[in-house]
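The values are calculated or read from the model by the stated rules, or taken from the named source; none is laboratory data. Here the structure is a predicted model, which is why all the values come from computation and not from measurement. Virtual Cβ from ideal backbone geometry, glycine too; neighbours counted across all protein chains shown. In case anyone asks, the SASA skips ligands and DNA or RNA and just uses the protein heavy atoms, side chains included. Shrake-Rupley method; radii C 1.70, N 1.55, O 1.52, S 1.80 Å.
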Amino acid sequence: MSKARRPLIAGNWKMNNGGQDGIDLARAIAAECRGGNAVEVVVAPPASVLHRVSETIEKAAPGRVGIAAQNLSPEPNGAFTGELSASMLLDAGCQWVIIGHSERRQLFGETDESVRAKTAAALKAGLLPIVCIGETLAERDAGRTLEVVYRQLDAFSSVINSKPGAAAIAYEPVWAIGNGKVATTEQAQEVHAAIRQRLTAVSPELSQKTRILYGGSVKADNAPGLLSQPDIAGALVGGASLKIDTFMGIVSAARQTA
Ligand code: PGA
């Protein structure tokens with residue numbers, strides 16, 4: 001982790017902790033984050049509890065824990081059943097939004113084009129995007145990792161260059177998500193460095209300021225190795241973000257490398 005970029009640890013709860021369990025977890029995380037802000041901590045609860053989680057955190061530790069939505073509509077309003085716009089998410093207390101998670105790409109038909117449009121809508125409204133990219137196992141095995149990652153990145157890199165440093169990028173190899181199969185620190189650092197290099201062509205400022213997070217089976221025990229890499233500025237955490245001890249174990253690891 002480079003000292004120039006403040007580490008960011010984001011917990012993606014996915015479709016879990018959508019009731020009182022989410023409120024309790026948010027309160028516990030807020031209590032642990034009251035003291036310092038060397039590490040930026042963000043939680044992404046399901047839409048059902050965004051507002052209550054935001055109120056809970058604001059009461060317990062104002063400004064210490066960011067709130068992210070897991071998706072947004074690129075449209076401002078209208079006949080889009082089931083969707084939420086950027087302004088609605090801001091209203092619910094979000095500052096952040098996860099965009100283009102591999103589950104949304106694989107299960108809900110999201111494309112590079114929709115990721116670009118959502119990223120533009122988020123930034124325009126003042127939401128900070130965490131944009132996810134990453135290759136499947138078949139793509140890695142075929143030697144196509146960088147080709148895929150560059151294609152996904154190129155779709156939105158000029159959009160995030162409108163506010164360098166506002167958006168974070170999460171590199172999440174799809175084969176390492178949710179199954180305990182973490183990329184080695186070398187595999188992760190290699191792709192992170194390539195992403196940063198690719199951003200330099202868009203603008204050196206963008207490359208310098210953008211935090212590139214790693215995601216895929218991050219746990220307290222593998223976090224120190226990953227987070228000590230020069231181009232890994234944090235983590236997007238799924239499974240281990242659902243319980244206070246496992247999540248704070250990762251935040252503590254980040255605090256030690258910050
Ligand atoms: P995981 O999920 O930590 O459970 O692998 C990561 C993610 O999907 O963002």
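Summed over region 93-130, the residues that are in a loop (DSSP other than H, G, I, E, B) and surrounded by fewer than 19 Cβ atoms within 10 Å (Cβ to Cβ) give a count of 6. Across region 202-224, the qualifying residues are those that are surrounded by 23 or more Cβ atoms within 10 Å (Cβ to Cβ) and aliphatic (A, V, I, L, M), and the one among them that is nearest to the ligand (Cβ to nearest atom) is 218. Residues in region 224-241 that are within 17 Å of residue 177 (Cα to Cα) and more than 15 Å from the chain's Cα centre (by Cα): 226 only. Residues of region 225-258 that are open to solvent by 10 Å² or more (accessible area, probe 1.4 Å) and either among the hydroxyl-bearing types (Ser, Thr, Tyr) or more than 16 Å from the ligand (Cβ to nearest atom) (or both): 228, 229, 230, 231, 246, 252, 255, 256, 257, 258. Within region 188-201, does at least one residue satisfy the condition of being more than 22 Å from residue 140 (Cα to Cα), in a loop (DSSP other than H, G, I, E, B) and over 18 Å from the mean Cα position of the chain (by Cα)? The answer is no, given that none of the residues of region 188-201 is more than 22 Å from residue 140 (Cα to Cα), in a loop (DSSP other than H, G, I, E, B) and over 18 Å from the mean Cα position of the chain (by Cα).
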